[in-house]
Amino acid sequence: MEERVIEREFGELAINMGPQHPSTHGVFRLELHLRGETVVKVTPHIGYLHRGVEKLSETLEYDMLPPIYERDDYLSPTANSLAFVLAVEKLAGIEVPRRANYLRVITAELQRLASHLVWLGTFGLDLGGSLGGGSTLFLYCFRERERIMDLMETLTGTRFHTNMNQIGGVRYDVYDGFDRDVFKTLDYLEKRISEYKEMLENNPIFLERTKDVGIVPQELAKEVGASGPVLRASGVAYDIRKNKPYSAYQEFNFQVPVGNKGDAYDRYTVRLKEMKESLSIVRQSLGGLPEGPIHSRKPVKTPSLFKTPKGEAYAAVESPRGELGVFLVSDGSSKPYRVKVRSPSFSNIAIIPHILPGHLVADTVSILGSLDPVFGDVDR
Amino acid sequence: MAKKVSNTRLVKATLLALWFTLKNLLRKPVTIQYPLIKRPLPERWRGGTFALTIDPETGEENCIGCKLCEKICPSEIITVEMEKHSGRGWAKSFILDLQACIQCELCVQVCPTDAIVMLHSMETPTTRREDLILDKDKLEANGKLYHAAWATGLKLQRLHEPKKPSVISR
Amino acid sequence: MTFAESVSHGAILLGAIIGVVTYLTWVERKFSGRLQSRIGPYLVGRPHGWLQPIADALKLLSKEDITPTKTDRFLFNLAPIWVVVMSLLGFAFLPLTINWVLVNIDLGLLYFSAIGSLIVIGVFIAGWASNNKYALLSALRAAAQIVAYEVPLLLSLLVPAVLAGSLNFQDIILAQEKYWFILFPVVGQISGITFLLAALAEGNRIPFDLSEAESELVAGFNIEYSGMKFAYFYLGEYAHLLAVSILVSILFLGGPLGPLLSGGVWIALKTLIVFLIVLWIRWSFLRLRIDQMMMLNWKVLVPLSLGNLLVAGLWVSLSR
C-alpha cells in the first residue's frame, strides 16, 4: 500500500471512511473531502479483498472450479457458479437436461430472495443505526432469510455455499415433500415482505432519507456500465433474464420492474418488486417441474479427463447485483487458459465519484447502501 | 412519484411502523439457546468433518488408495499414499487437513467405493490446530462417533446417470 | 431540613438513581430483544439475565483507560464528569412523591431546564478534545441540534406551567387533581408530543441521534473514550433520560396522583410507561439527517409549540 499524503484545499476536511467501517458493506476505503457537511470530492480505494480467483482458475481443472467461484460474490453463490458453468457448457457444447435447468432457476431465485433480504436489512442498518430502528429491520430480514437457508439445507446439506451447479447439470435432486416445504416458506415470505413494504413505503423518515438522494441519470448509468437494479431504476429496461434468456427463464412469466428517476427510493422499489417476482418464478417452476435426469455427463471421475475445445465463450447471468459474466478462453487442455469475471459491483460503484459530490455525509451511506456492492465481487 | 404524499398518510405510516414492532413483541422469540438446546438437523445435513468407512461385512477398509479425492479437491487438502497387496490397493497413509476444507463434497462424489464420507454432525471445534489435521486413525474413529451423511459417493453418482430417471426419496 | 439531613438524603438519592439507571439498561435490552424476536440477556443470572448490568459494570471498570496523545488532557477528562454531574443534578429538583423533594424551589421547572441545557457543553468538549475528525464532526452536529431543540422544549414545558399558574412542581401536581394535563383538549396532547420529541432530540435518541450515528461516524463524540469514561457518558445519557421521563410523568400524566397506590409507586409506574414508549420509538424508527432534523425543528415544532402556548394562555385568561 503506497504512502501518500492526502492533498486537500484550504478549508476542506479530508476524512477517511476507512476499510474498517460499520457500513461500507465490506472492506472499502472511501476518501471524502468535506466542506462543512457537504462532500466535495470523493476517491474510492478498492482491492482489500482481492483473492486472485482469476489466476487461481488457471491452475485448477474445470470440474474443481464451481465451488471456488461460489465464493466470489458471497451473497448469491449460485449465480457465480452458474455463470462459470454456463460458459464452459457453451464452449464444450454440452446440453443440460430440462429438469436441471428448472432446478438451477429455483436455486438462483431463492438466492436472489436471500440476497435482497440481506440488502434490505443492511440498508436499514445504514439508515437507522445498529442501535435503533435499523437493527430491528435487520433482524427481521435475517429471520426470514433463515427460512430460505433451511430450505437449502434440507435440499443439499449445507445452508449457503451448496455447490449445486456442476458442469452438465445439478448435483442434488428434490425429495418428496420439497414443493410442500417451499410453498409454505414462500407464503410466509410473501406475507412478511408485504409487511416490510407497508412499513417503509410511506414512512416519512425513510422517504426523507431516500427520495431524491443519489439520482443516477440514465446516460451516466449506461456510460459507466451499471447493470441490475441500479440500471433499471434509472429507466433502462434491461434484464438478462428477459433480453438474453438462459437456462429455462424463457418458459416463465414474470415482469421486470423499472424505475423512472434513479434515486435511492427507486432502487428500493425495484428490488422489492424483484423479490415479489422471484416468489412467482419459484412457484411457476416448482409447479411445472419436468421429469428426467439432472445431469447430462457421466459422473465425474478424474477431472483431468475433461477437455474443452479451443476457443472462447462468454456467458452472463442476472445476479442480484447485475450482469455477472464469465469470459472463458481455452487452449484445448483440461485447465482454462484465462478466465475473466465481469463483476457487476465493480461497475456499479464506479458511479460513486460522479454522483456523490454535493450531498451531505449522511447521504454517503444511503447511496452506498442503495447501490448494494459486495466487495468479494468487486475485488474477486 | 411526482405527487407528494399527503400528511395523513405520513402520520399513518409512522404509526404503522410502531404497530408492526409492537405486533412483533407478542410473537414468540426465535432464539434457540444453543448449546443447551440443539435444533434437529435435516436428513441431508453434511457436517464439518469426515470419516473413512469400513466395510461392515468383511471388516476391511473401503479405501483403495486410488487418489481420485486427492486430485479433485480444489483446496488440495488430501494427501494419499497407496500400497498394493492382497490383490487390491490400500491407503498406506491418508491425511486430510480440515483447516482449509471448503465443504464442497467433491471428494465424496468421486469416491468409487464410498470410502470417504461426510458426517451427520455439527461443526466439531477443537482447541489445537494439530487436532484439525486428521490422519487415518482419527478418520476411522470419527466414523464410529457419528453416522454418515445422506450423500455418499455411489448415491451421488447414481443421481447423475443420464439413462436412469432421477432418484426421489427423502 | 438541616444540612446533615439534606446531605444524607442527597447521598441516598444518588445511590438510588445510579442503581435504577443501571437496571434501566437491563430493561432496555430485554424490551428491545422482544421487539426484535429474540431474548435479551439470558445467561448471566438465568433465566432472565438480571445480573447482566452488574457484569457490564465490572467489565467496564476493568478496562484499560486510554487517553490518546495530542488531546487536551484537562478537557478530555472533564467532559464525562461534566455530563454525569449535570445529568444527576437535575434530580435534585424533581419531586418523587407528593410531598418529598430534595430541594424545594419556587422556580423548579426553570431550574430543571437550565441545568439540563448545560449538558451540551460536555458533549462539545468531548468532541473537541478528542483530536479526531469524526468526533469533531459529531460534536458540531450535536451542539447545533441540542441548542436548536431547546426552543420547542421550553415552549412546550411552559404549557403545563401556564395551565397550573406556577413554575413550582408541587403546584403543577396539585393542579392536576381533577384531570391530567395530557387529557386537556388539543393543547395538552400537542404540548405532550412536542415535549417528547424535543426531549428525544435533547437526549440524542433515535430518531435524532445523528451525532452518535454508529453507521456513519462510528460512535461520534465518544469515539475515543473507553472503559469507565465511556460508562460515564452512558450513565449520564440514561440518567438524563430518566429525569426527562419523570418530568413528563409529573407535568403531563399527573405525577404521584392516582387512586389506591402511594405516590411513589404511581410515579414509578408512569415513568416506566414513558420510558418504554421512548424505547419503543427508538427501536422502530430510522434516523433523520441533520438538515432534515433542523428543518423539522424550525419549520414544524417551533411554530406548533408557539401557537400552542398562545392558545393555552388565551384559554387560561378567558376562563378566569
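Here is a yes/no grid of residues against (1) touching a residue at least 24 places away in the same chain (Cβ under 8 Å); (2) more than 14 Å from chain C (Cβ to nearest Cβ); (3) of a type in the set (A, V, I, L, M):
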{"position": "A:Ser76", "(1), (2), (3)": "yes, yes, no"}
{"position": "A:Val85", "(1), (2), (3)": "yes, yes, yes"}
{"position": "A:Leu91", "(1), (2), (3)": "yes, yes, yes"}
{"position": "A:Pro97", "(1), (2), (3)": "yes, yes, no"}
{"position": "A:Leu103", "(1), (2), (3)": "yes, yes, yes"}
{"position": "A:Gly124", "(1), (2), (3)": "no, no, no"}
{"position": "A:Glu144", "(1), (2), (3)": "yes, no, no"}
**OP:** Please enumerate the residues belonging to segment B:41-71 that are within 11 Å of chain A (Cβ to nearest Cβ) and part of a loop (DSSP other than H, G, I, E, B).
**Re:** B:Leu41, B:Pro42, B:Glu43, B:Arg44, B:Trp45, B:Arg46, B:Gly47, B:Gly48, B:Cys66, B:Lys67
**OP:** Go through segment A:287-306 and give me each residue that's more than 14 Å from every other protein chain (Cβ to nearest Cβ) and assigned to a helix (DSSP H, G or I).
**Re:** A:Gly287
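Which residues, taken from segment B:11-70, are over 30 Å from C:Leu286 (Cα atoms) and hydroxyl-bearing (Ser, Thr, Tyr)?
B:Tyr34, B:Thr49, B:Thr53, B:Thr58
Residue under question is C:Val300, and the condition is that it be under 17 Å from the mean Cα position of the chain (by Cα), at pLDDT 85 or above and assigned to a helix (DSSP H, G or I); does it hold? Spell out how you get there, then give the answer.
Details: under 17 Å from the mean Cα position of the chain (by Cα): no; at pLDDT 85 or above: yes; assigned to a helix (DSSP H, G or I): yes.
So C:Val300 fails the test.
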Subject >> Residue among C:Phe93, C:Phe112, C:Phe76, C:Phe31 that alone is in contact (Cβ under 8 Å) with a residue 40 or more places away in the chain and either under 28 Å from B:Leu22 (Cβ atoms) or within 14 Å of chain A (Cβ to nearest Cβ) (or both) >> reply: C:Phe31
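Among the residues in segment C:53-63, are any farther than 30 Å from C:Ser8 by Cα and either in a loop (DSSP other than H, G, I, E, B) or in contact with a Ser or Thr (Cβ under 9 Å, 6 or more places away or on another chain) (or both)?
Looking only at segment C:53-63, we keep the residues that are farther than 30 Å from C:Ser8 by Cα, and these are C:63.
Now drop any that are not either in a loop (DSSP other than H, G, I, E, B) or in contact with a Ser or Thr (Cβ under 9 Å, 6 or more places away or on another chain) (or both), which leaves C:63.
Yes - at least one qualifying residue is present in segment C:53-63.
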**OP:** Within segment B:132-162, track down each residue that is outside any helix (DSSP H, G or I), touching a residue at least 60 places away in the same chain (Cβ under 8 Å) and closer than 18 Å to B:Ala91 by Cα.
**Re:** B:Leu134
**OP:** Test each condition in (1) modelled with pLDDT of 90 or more; (2) more than 15 Å from the chain's Cα centre (by Cα); (3) under 19 Å from A:Ser370 (Cα atoms) for A:Cys141 and report the one that comes out false.
**Re:** (1)
Original post:
Does segment A:34-68 hold any residues that are without any contact (Cβ under 8 Å) to a residue 60 or more places away in the chain and crowded, with 19+ Cβ neighbours inside 10 Å, and which are they?
Top reply: A:Ile68
Subject >> Evaluation of C:Tyr134 against (1) at pLDDT below 80; (2) crowded, with 22+ Cβ neighbours inside 10 Å (one fails), failing number >> reply: (2)
**OP:** Give, as residue ranges, the helices (runs of 4 or more DSSP H) completely inside segment A:30-101 that count at least 2 residues that are over 23 Å from A:Met152 (Cβ atoms) and either touching a helix residue (DSSP H, G or I) at 6+ places or on another chain (Cβ under 7 Å) or at pLDDT 85 or above (or both).
**Re:** A:53-57, A:77-92
Original post:
Any residue at all in segment A:265-280 that is at the interface with another protein chain (Cβ under 10 Å from one of its Cβ atoms) and assigned to a loop (DSSP other than H, G, I, E, B)?
Top reply: no
Original post:
Is there any pair linking a residue in segment C:270-287 that is farther than 13 Å from C:Gln36 by Cα to one that is aromatic (Phe, Trp, Tyr) and in a helix (DSSP H, G or I), with Cβ under 8 Å and at least six apart or on different chains, and which?
Top reply: C:Leu276/C:Phe31; C:Leu286/A:Phe206
Original post:
Looking at (1) touching a Ser or Thr at 6+ places or on another chain (Cβ under 9 Å); (2) closer than 23 Å to C:Leu196 by Cβ, which is the one condition that is false for C:Ala129?
Top reply: (2)
**OP:** Taking the residues in segment C:270-295 that are at the interface with chain A (Cβ under 7 Å from one of its Cβ atoms) and outside any loop (DSSP other than H, G, I, E, B) as candidates, determine which candidate is surrounded by the fewest Cβ atoms within 10 Å (Cβ to Cβ).
**Re:** C:Asp291
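Just for helices (runs of 4 or more DSSP H) wholly inside segment A:151-256: which have at least 3 residues that are touching a helix residue (DSSP H, G or I) at 6+ places or on another chain (Cβ under 6 Å), of a type in the set (A, V, I, L, M, F, W, C) and within 30 Å of C:Leu286 (Cα to Cα)?
On the way: elements: A:178-201, A:204-210, A:218-224, A:229-233, A:240-243.
Passing ranges, in order: A:178-201, A:229-233.
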Original post:
Restricting the search to segment A:246-301, which residues are out of contact with any Pro (no Cβ under 8 Å at 6 or more places or on another chain) and of a type in the set (S, T, N, Q)?
Top reply: A:Ser247, A:Gln250, A:Asn253, A:Gln255, A:Asn260, A:Ser278, A:Ser280, A:Gln284, A:Ser285
Original post:
If you take the residues in segment A:150-197 that are hydrophobic (A, V, I, L, M, F, W, C) and more than 11 Å from every other protein chain (Cβ to nearest Cβ), which one is farthest from B:Val117 (Cα to Cα)?
Top reply: A:Ile193
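Pull up segment A:209-227, narrow it to residues that are within 11 Å of another protein chain (Cβ to nearest Cβ) and either in contact (Cβ under 8 Å) with a residue 60 or more places away in the chain or crowded, with 20+ Cβ neighbours inside 10 Å (or both), then point me to the one that is farthest from A:Phe123 (Cα to Cα). Walk me through it before giving the result.
Let us first name the residues in segment A:209-227 that are within 11 Å of another protein chain (Cβ to nearest Cβ), namely A:209-211, A:213.
Still in the list and also either in contact (Cβ under 8 Å) with a residue 60 or more places away in the chain or crowded, with 20+ Cβ neighbours inside 10 Å (or both): A:209-210, A:213.
Details: A:Arg209: 11, A:Thr210: 11, A:Val213: 14 Å.
My answer is A:Val213.
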Original post:
For segment A:241-263, which residues satisfy the criterion of being under 18 Å from the mean Cα position of the chain (by Cα) and among the aromatic types (Phe, Trp, Tyr)?
Top reply: A:Tyr246, A:Tyr249
Original post:
Out of (1) surrounded by fewer than 24 Cβ atoms within 10 Å (Cβ to Cβ); (2) outside any loop (DSSP other than H, G, I, E, B), the odd one out for A:Phe123 is which?
Top reply: (1)
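Please verify whether B:His147 is surrounded by fewer than 19 Cβ atoms within 10 Å (Cβ to Cβ) and within 12 Å of chain A (Cβ to nearest Cβ), treating the condition exactly as stated. Break it down into steps so the answer makes sense when it comes.
Numbers: surrounded by fewer than 19 Cβ atoms within 10 Å (Cβ to Cβ): yes; within 12 Å of chain A (Cβ to nearest Cβ): no.
The answer is no for B:His147.
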**OP:** Select from segment A:190-245 the residues that are hydroxyl-bearing (Ser, Thr, Tyr) and within 18 Å of A:Val258 (Cβ to Cβ) and list them in ascending order.
**Re:** A:Thr210, A:Ser227, A:Ser234, A:Tyr238
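Filter segment B:40-97 down to the residues that are touching a residue at least 60 places away in the same chain (Cβ under 8 Å) and in contact with a strand residue (DSSP E or B) (Cβ under 7 Å, 6 or more places away or on another chain) and list them by number.
Just the residues of segment B:40-97 that are touching a residue at least 60 places away in the same chain (Cβ under 8 Å), to begin with: B:41, B:43-54, B:61.
Within segment B:40-97, B:Arg46, B:Gly47, B:Thr49, B:Phe50, B:Ala51, B:Leu52, B:Thr53, B:Ile54, B:Glu61 meet the criteria.
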Original post:
Can you find even one residue in segment C:137-158 that is crowded, with 23+ Cβ neighbours inside 10 Å and of a type in the set (D, E, K, R)?
Top reply: yes
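The values are calculated or read from the model by the stated rules, or taken from the named source; none is laboratory data. As the structure is a prediction and not an experimental result, all values here were calculated from the model. In this analysis, Cβ positions are derived from the backbone assuming ideal geometry, glycine residues included, and neighbour counts consider all displayed protein chains.
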